Amino acid sequence: MHIPDGLIAPQVYLAAYAAAAPAWAYAVRKVARDFDESLIPRLAVLTALAFVLTTVMIPLPGGTSGHVIGVGLLALAFGIWPAFLAYSLVLVLQSLLFGAGGITVLAVNALAMGLAAAAVTVGVHRLLVGWGKSVGVLVGVWCGVVVSAVLVALVLGVQPQMGTDATGQPLFFPFGPAVTLPVIVIPHLIIGAGEALLTWMVLSVTGRRRVPA
Amino acid sequence: MIELDRVGFHYPEGRGVLEDVSFRLETEERVVLLGANGCGKSSLLKLIDGLLEPTGGEVRYRGEALTPRRLRQREFARNFRRDVGMVFQSPEAMLFNATVAEEIAYGPERLGTPEPAAVARLWAERLQLEKYLDTPPYRLSGGEKQRLALACVLACQPRVLLLDEPTANLDPRATGWLVDFLLDQKGLTTLVTTQNLSLAAELGQRALILGEDGRLLYDGPLQTALKDTDLLWQANLAHAHRHRHDDGTEHRHVHVHGDWG
Amino acid sequence: MKDRLLLSVWLVAVVGITFIHDPVWLGGLLLLAFALAGKATPGLLKRALVAIALVNIAVSAGFVLSASIAGEPWGLFVIRLNLRVLLLTFLTLWLARQLDLVRAVDFSPSLKFVVVLTLGQIKTFQRLLSDYRMAFRSRSLGRPDLKTRTRSAGRQAGALLEKAELQATEVNLGMRSRGFFDDRA
């Protein structure tokens, strides 16, 4: 689902970098404080885990499958900031090692799919956990996936505003939110359900959350 | 040199591992630590290496208790880490440098040994890793990683060597080399864990046997222990199986591994 | 040094390219990139095309359709978008081939250790995961149903999570045992 290079205008992705920079700085400080000397090994293992998790498939009805994003799982198991940091590193690795995804849109993807998904998942989980553990996990992860899909759709949707050439043709991604919202968000209502189910299964197998969020 | 005084250890979840373990390791002693799977051998080595903190009793190095506070003091920590080397059962846990050469040179460099790169080459050759000097450690096979972890620790010239199942991933030739190497070292104190009784006889004269309840069952001459079938059976180091004879009768024998008779 | 330079040049180039909107320039740069990659061009080009096909075809086709209905021009946009995305993806794939990531980040020792450990751990997890998959296949008779596959995927991810927790602790002890933390403030 993450956005590739070349569709997003510099005004937007540079602004996203400006917004992501303090978030990364805060995350590094917070994670360094919470994990002290185990920071390096822990971050490395988490990143590797996130990286490999994105290769686990969610089976969808009809024999097809979708990729797990895994941010919700990481956020519930290890906390918002470690999940955000690990996911950002995964995006860097995917782009630099395999040419997948993009470096200009790194900050956009990290904010929308890393930070927003993690924060929404943990927030909703906290609100609903009183209704039962499963409800908190299922609804939390689903909301995280859907919110990040909405954000990605909106970022793409504002691109037509970012300029046109002399003939009136757009310079970047051409469709407004009236197109991107339904096209991106509707499939993610189902993908989110798959991811939520999988996360719930994983957490019930492993029993308990290990690090307070 | 190293002394354990009524050491107990259990994980935070409450799962007990070690109970009331006491023994001393003298300088230049060759000791083999025997015990079945999951009896706490690895935990015991990590306690001695100051990596885990006992939940009861004390571990002392040269008469000084290894407390977290003491280990946070730089001077002490440096000396302790220089003197005591440990090779983990899963060696990849110890490998974090970019290439095999850097990995081996890491220790000597920290200790200020002159020409760490040359030291690294020397140890790579001794452990038949010279063709991998520029390879990232994570690309090596299990046995190569084990040899690399050994090279890293040996390159620091420790006085105490803690080896956790060192031959688990080694082929016979590397195993033979390791046994010879350990026997040749002067001034080295070694504590080696293994389940392999035939190897045990080559690695030391003294045996410590941990029971499945995490208590020390035996501390004494290795050869005596190896002849005590009841003891080995109790430690789950011997196995029993049925024999069928030509006349159709069957009976059970207790066996121990190894060909020492 | 070479790797850091490579990384910096690539970063500047990629950002710069997003400011270029003239298809002639984009096309020229693409040819330049092909020349730079030399013999590797056909392989890289194929991978780049496969990587961008889905999104680009969907976006291009959608735009052609909507612009035609509205009676507006679309040719320039389609050429511009496809050339730019192809150029960026091609450059990134070329970099991925050339770059030794560990060398590129060795200006920061902490970052370098994170990268080295991460690459190693990815290997470990991948091996575990492929073992899980093969074991699952070897134990399944015929194609397993959706419920079984879901359960297996959950178990796989759960095993990875547990393993991650153990690995993090073990690596931490391994590094401490080698004195890693004694040299750092």
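Each reported figure results from applying straightforward, stated rules to the coordinates on display, with no laboratory input. Not measured: the values here are computed from a predicted model. Methodologically, a virtual Cβ is constructed for each residue, glycine included, from the backbone with ideal geometry; neighbour enumeration extends over all protein chains shown.
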Query - Cβ-based net charge around B:LEU95, under 12 Å, with every Lys or Arg adding one and every Asp or Glu removing one - result: 0
Report summary line: Exposure proxy check on B:GLU144, B:GLU109: fewest-to-most Cβ neighbours within 10 Å is B:GLU109, B:GLU144
Query raised in the report: So what is log10(I(q)/I(0)) for segment C:45-179 at q = 0.12, 0.16, 0.22 1/Å, when the Debye sum runs over its Cα atoms only?
Result: -0.86, -0.99, -1.18
Query raised in the report: Within chain C, which DSSP H helices have Cα atoms that stretch 20 Å or more along the helix axis and a mean Kyte-Doolittle hydropathy of at least 1.6?
Result: C:23-37
Query raised in the report: Given a Förster distance of 60 angstrom, what is the FRET efficiency for C:VAL50 paired with A:VAL129, based on the Cβ-Cβ distance and rounded to 0.05?
Result: 0.90
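Dipole size in debye (nearest 20) for segment B:2-237 around its Cα centre, Lys and Arg Cβ +1, Asp and Glu Cβ -1?
With Lys and Arg at +1 and Asp and Glu at -1, about 520 debye.
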Query raised in the report: Where does helix A:133-157 land angle-wise versus the long Cα axis of chain A, in degrees 0 to 90, nearest 10?
Result: 20
Query raised in the report: Along the charge dipole of the protein assembly as shown, which of C:PRO23, C:LEU87, C:MET175 sits closest to the positive end, that is, farthest toward it, with unit charges on the beta carbon of Lys, Arg, Asp and Glu (+1, +1, -1, -1)?
Result: C:PRO23
Query - Test item: A:162-170 mean partner chain Cβ contacts at 10 Å - result: 5
**Report entry** Separation between Cα centres of segment A:1-44 and segment B:63-97, rounded to whole Å
**Finding:** 33
Report summary line: Once Lys and Arg are counted +1 and Asp and Glu -1 for all other residues with Cβ under 10 Å from that of C:ARG80, the total becomes -1
Query raised in the report: Taking every residue in C:146-158, how many Cβ atoms of other protein chains lie within 10 Å of its Cβ, on average?
Result: 6
Query raised in the report: Can you work out the FRET efficiency for the pair B:ARG78 and B:ASN236, with r the C-beta to C-beta distance and R0 = 30 Å, to the nearest 0.05?
Result: 0.15
Requested in this report: Provide the per-residue ³J(HN,Hα) series for segment B:201-210, in order, calculated from phi with Karplus coefficients 6.51, -1.76, 1.60 and θ = phi - 60°, each as a whole number of Hz, with x at glycine and proline positions.
Outcome: 4, 8, 9, x, 9, 10, 10, 10, 10, 9
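Calculate the FRET efficiency for A:ALA21 and B:ARG69 from the Cβ-Cβ distance with a Förster distance of 35 Å, rounded to the nearest 0.05. Walk me through the numbers before you get to the answer.
On the way: r = 38 Å, r/R0 = 1.10.
In this case the efficiency is close to 0.35.
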Report task. Would you kindly derive the ³J(HN,Hα) couplings of segment A:189-196 from the backbone phi angles with the Karplus curve 6.51 cos²θ - 1.76 cosθ + 1.60 (θ = phi - 60°), listing them in order in whole Hz, with x for Gly and Pro? Result -> 5, 7, 4, x, 5, x, 4, 4
Query raised in the report: Taking chain A as a Gaussian network, Cα atoms linked when under 10 Å apart, which of A:VAL179, A:VAL108, A:VAL141 shows the biggest mean-square fluctuation?
Result: A:VAL179
Query - Degrees separating the helix B:74-83 axis from the principal Cα axis of chain B, which is the longest one - result: 60
Report summary line: The summed charge of the B:VAL7 Cβ neighbourhood (under 14 Å; Lys/Arg +1, Asp/Glu -1) stands at -2
Query raised in the report: Summing -39500 (n - 2.57) over the DSSP H runs of n ≥ 4 in the protein assembly as shown and dividing by its residue number, what mean residue ellipticity at 222 nm do you reach, to the nearest 500 deg cm²/dmol?
Result: -18500 deg cm²/dmol
Requested in this report: Within 10 Å, count the other beta carbons around each residue, average over each peptide in B:184-193, B:55-64, and list them highest first.
Outcome: B:184-193, B:55-64
**Report entry** Two-site label geometry, C:LEU146 and B:ASN37: point separation in nm, points 7 Å out along Cα→Cβ
**Finding:** 3.8
Query raised in the report: In the structure shown, do any of C:LYS112/C:LYS147; A:LYS133/C:LYS147; B:LYS145/C:LYS39; C:LYS39/C:LYS123 have a Cα-Cα gap over 32 Å, and if so which?
Result: C:LYS112/C:LYS147; B:LYS145/C:LYS39
Report summary line: Counting other chain Cβ atoms within 10 Å of each Cβ in C:53-59 and taking the mean gives 2
Requested in this report: Express the relative contact order of chain B as a whole percentage, based on alpha carbon pairs under 8 Å and six or more residues apart in sequence.
Outcome: 24
Query - Rounded tilt (10° steps) of B:100-111 against the dominant C-alpha axis of chain B - result: 70
